[in-house]
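Trainee: Below you'll find the structure I mean.
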Amino acid sequence: MGTYKCCLVFKRRFRWNDAPPPEDVRAIFATHAAGGGPHMPADGLRAYLQSAADSEAPDDADLERLLDQIRQLQGRGGRIPRVGRPLGLTLDDFHRFLFSQELNPPLRHAHGQVHHDMGAPLSHYFIYTGHNSYLTGNQLSSDCSDVPIIKALQRGVRVIELDMWPNSAKDDVSILHGRTLTTPVSLLKCLVSIKQYAFVASPYPVIITLEDHLPPDLQDKAAKVQLSTNTPSVLNYHLVCLKIFSSCHQMVLEVFGDMLYYPDTDHLKEFPSPDELKGRVLLSTKPPKEYLEAKDGGTMKDGDAELHLSKSAGDDVAWGKEVPDIQSEIQSATKHDDDDTDEDDDEEEEQKMQQHLAPQYKHLITIKAGKPKGTLVDALQSDPEKVRRLSLSEQQLAKVADHHGTEIVRFTQRNLLRIYPKGTRVTSSNYNPFLGWVHGAQMVAFNMQGYGRALWLMHGFYKANGGCGYVKKPDFLMQTEPEIFDPKKPLPPKKTLKVKVYMGDGWRMDFKQTHFDQYSPPDFYARVGIAGVPADSVMKKTKAIEDNWTPVWEEDFTFPLTVPEIALLRVEVHEYDMSEKDDFGGQTVLPVSELLPGIRAVALFDRKGNRFNSVKLLMRFEFE
């Protein structure tokens with residue numbers, strides 16, 4: 001019984017009742033119960049599990065263990081002696097089992113089981129990638145720290161980005177977002193944290209992308225230092241620069257030791273596989289090209305940062321902003337000529353800088369980054385003698401994808417393509433990751449502190465393959481015959497996903513009684529849909545159930561899928577508010593390729609992607 005105030009004087013009472021098992025659950029129970037009676041025997045449960053998951057039946061030991069776990073859901077606790085056990089499961093027992101997040105999850109291999117082939121080159125995988133991994137908040141004035149790096153690694157992120165700049169004394173290396181008001185953190189602290197947490201969530205390789213902003217003119221002078229530079233201050237200046245390079249090289253080697261992988265040759269013809277690189281750390285970088293300070297000789301002023309933040313805050317700061325369709329992003333990018341500055345040097349500049357870069361430092365770079373001289377289309381030409389990494393902003397990718405989608409797909413079959421957020425995303429918002437994934441881009445770099453729907457998609461995508469941070473690209477992105485995949489070519493549906501949302505529960509355990517409404521229980525509704533290629537992307541919703549902490553919707557949805565291999569199922573719950581913005585009640589994103597058919601318990605997560613203790617939905621999935 002819940003009591004709410006009404007008009008400051010009166011009180012309203014609402015009875016809280018557990019919702020009964022849905023009719024579909026009753027029908028399944030009746031089918032597998034002994035002679036249609038009140039109990040489902042062990043063999044009945046075995047038959048249900050085999051039919052629901054379309055897999056081998058559990059053996060006697062596993063089945064006995066599961067029965068014990070189901071009985072403990074009643075709160076009895078402990079192992080029940082064989083002579084004292086009931087004849088089987090009651091209807092309520094069976095319903096509790098179906099509604100258990102631990103015993104009846106929605107995904108295959110939900111408990112960290114890697115099941116993709118991990119023996120192919122790195123270019124054959126989507127890789128969980130962070131952008132400016134050291135930032136705690138916005139891109140202009142937040143603190144830099146190793147804490148977000150640690151959190152990312154704990155979540156399974158495999159690519160960590162560090163921006164290296166000389167410190168104020170120009171005698172050491174700091175990590176910060178250059179020419180902004182962000183406070184620095186030391187390179188050594190970041191490297192030590194990476195080593196400590198690199199493999200807590202996954203045994204597969206961690207790639208550190210070092211964006212090297214050490215001054216190129218100082219490097220040039222440092223590399224050419226001669227005895228003729230007899231002015232003490234100039235000579236000292238050069239020696240300081242050499243010390244910086246030596247410090248970087250020494251720091252990386254001392255921190256990682258044998259954990260660091262680097263090849264014996266200058267250029268790889270093919271990347272190693274995740275299996276070969278288990279437990280190893282790789283460096284990916286390019287020669288430095290940017291000077292520490294802007295051409296005007298100063299850094300961004302406080303007023304400038306506030307101006308940039310105020311202009312952009314309205315764009316993406318709200319968690320509820322819907323993820324834009326990738327076709328809309330392509331059309332928007334082609335309408336604007338303003339382009340983000342390339343992060344990669346052209347090959348001519350790279351070769352010039354390479355000759356001045358310390359040889360021992362170059363030797364540590366496994367994944368070399370660079371863009372050949374010419375247009376973006378020229379940059380997508382693959383060299384049969386060596387593989388490399390190319391970085392494009394989301395806008396650059398959208399522009400080149402408009403007419404050259406197949407060239408991008410072909411390039412990513414051997415080489416690595418990294419996509420990063422456009423420079424105007426100063427609030428650390430994110431873009432639609434499918435813009436990169438549908439073209440085979442392996443490193444779709446995201447701001448992991450940019451909470452919202454786009455990041456939820458990223459979290460959901462990498463739940464696949466046991467959450468190891470590497471998801472093997474589907475075959476159609478790797479095929480060359482009969483033709484390269486064209487992301488813009490219309491396709492017929494390959495399969496249809498049918499989803500039924502039965503009910504939800506757990507909010508009354510995880511939220512205060514008046515969290516959603518001061519005067520009555522919440523009015524929940526669910527949003528269900530698909531994120532994927534434009535033809536598949538859609539969102540639908542149930543009706544709102546008034547004044548009920550345990551809403552029962554019993555609504556069906558059908559989703560034809562043209563590219564089910566990379567599609568994601570989106571689920572959100574909101575509380576309807578007539579006078580204000582609807583309240584957030586939870587969300588999850590699940591890879592369609594790993595959904596288990598049948599009735600499943602689906603756990604919901606908060607805005608930051610942390611799982612609620614109790615909030616869950618009962619849903620059914622069917623494929624045709």
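Trainee: Which of the residues belonging to the range 592-624 are in a strand (DSSP E or B) and touching a helix residue (DSSP H, G or I) at 6+ places or on another chain (Cβ under 8 Å)?
Mentor: Selection gives GLY598, ILE599, ARG600, ALA601, PHE605, PHE612, ASN613, SER614, VAL615, LEU618, ARG620.
Trainee: I would also like to ask the following. In the range 490-512, how many are in contact with a Pro (Cβ under 8 Å, 6 or more places away or on another chain) and either β-branched (Val, Ile, Thr) or surrounded by fewer than 16 Cβ atoms within 10 Å (Cβ to Cβ) (or both)?
Mentor: Looking only at that region, the number is 4.
A quick yes/no check of all residues on (1) over 27 Å from GLY436 (Cα atoms); (2) among the small types (Gly, Ala, Ser); (3) assigned to a loop (DSSP other than H, G, I, E, B); (4) at pLDDT below 90:
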site	(1), (2), (3), (4)
ARG26	yes, no, no, no
LEU45	yes, no, no, no
ALA52	yes, yes, no, yes
ASP68	yes, no, no, no
GLY78	yes, yes, yes, yes
PHE97	yes, no, no, no
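Trainee: Can you tell me how many residues within the range 370-392 are surrounded by 13 or more Cβ atoms within 10 Å (Cβ to Cβ) and within 17 Å of GLU270 (Cβ to Cβ)?
Mentor: The total comes to 6.
Trainee: In addition: Are there any pairs, at least 6 apart or on different chains, whose C-beta atoms fall under 8 Å, with the first in the range 16-45 and more than 23 Å from ARG620 (Cβ to Cβ) and the second among the aromatic types (Phe, Trp, Tyr) and crowded, with 17+ Cβ neighbours inside 10 Å, and if so, which?
Mentor: Pairs that qualify, where the first residue is more than 23 Å from ARG620 (Cβ to Cβ) and the partner is among the aromatic types (Phe, Trp, Tyr) and crowded, with 17+ Cβ neighbours inside 10 Å, are TRP16/TRP549.
Trainee: Condition first: farther than 19 Å from LEU392 by Cα and either buried (at least 23 other Cβ atoms within 10 Å of the Cβ) or in the same structural domain as ILE566 (by TED's automatic domain parsing) (or both). Now tell me which residues in the range 125-137 satisfy that.
Mentor: Within the range 125-137, TYR134, LEU135 meet the criteria.
Trainee: Can I ask one more? Could you check the range 252-266 and list, in sequence order, the residues that are assigned to a helix (DSSP H, G or I), aliphatic (A, V, I, L, M) and either at pLDDT below 95 or within 18 Å of LEU162 (Cα to Cα) (or both)?
Mentor: Listed by number, the residues that qualify are VAL252, LEU253, VAL255.
Trainee: Is the range 504-521 home to any residue that is over 25 Å from the mean Cα position of the chain (by Cα), among the hydrophobic types (A, V, I, L, M, F, W, C) and not in a loop (DSSP other than H, G, I, E, B)?
Mentor: Yes, the conditions are met somewhere in the range 504-521.
Trainee: Among (1) at pLDDT 95 or above; (2) touching a Pro at 6+ places or on another chain (Cβ under 9 Å); (3) surrounded by fewer than 24 Cβ atoms within 10 Å (Cβ to Cβ); (4) not aromatic (Phe, Trp, Tyr), which single condition is VAL444 missing?
Mentor: Among (1) at pLDDT 95 or above; (2) touching a Pro at 6+ places or on another chain (Cβ under 9 Å); (3) surrounded by fewer than 24 Cβ atoms within 10 Å (Cβ to Cβ); (4) not aromatic (Phe, Trp, Tyr), the lone unmet condition for VAL444 is (3).
Trainee: Restricting to the range 452-503, what's the tally of residues that are outside any strand (DSSP E or B) and under 12 Å from the mean Cα position of the chain (by Cα)?
Mentor: 16
Trainee: Take the range 53-69 and flag every residue that is under 17 Å from ARG600 (Cα atoms), surrounded by fewer than 14 Cβ atoms within 10 Å (Cβ to Cβ) and of a type in the set (A, V, I, L, M).
Mentor: Within the range 53-69, none qualify.
Trainee: Can you tell me which residue in the range 513-533 is surrounded by the fewest Cβ atoms within 10 Å (Cβ to Cβ), limited to those that are more than 14 Å from HIS574 (Cβ to Cβ) and modelled with pLDDT of 95 or more?
Mentor: VAL533
Trainee: Mind listing whichever residues of the range 560-617 are over 25 Å from SER428 (Cβ atoms), small (Gly, Ala, Ser) and in contact with a strand residue (DSSP E or B) (Cβ under 6 Å, 6 or more places away or on another chain)?
Mentor: Passing the criteria: ALA567, ALA601, ALA603.
Trainee: For the range 138-183, what are the residues that are surrounded by fewer than 20 Cβ atoms within 10 Å (Cβ to Cβ) and at positive phi?
Mentor: Correct list: LYS170, ARG179.
Trainee: I would also like to ask the following. Within the group GLU572, GLU580, which residue is at pLDDT below 95 and over 22 Å from PHE126 (Cβ atoms)?
Mentor: Within the list GLU572, GLU580, the selection yields GLU580.
Trainee: If we keep just the residues of the range 368-425 that are touching a Pro at 6+ places or on another chain (Cβ under 9 Å) and part of a helix (DSSP H, G or I), which is nearest to VAL159 (Cα to Cα)?
Mentor: Only one residue tops the list, namely GLU394.
The values are calculated or read from the model by the stated rules, or taken from the named source; none is laboratory data. Since this is a predicted model, take the numbers as computed values, not measurements. Cβ atoms come from the backbone with ideal geometry, glycine included; neighbour counts cover every protein chain shown.
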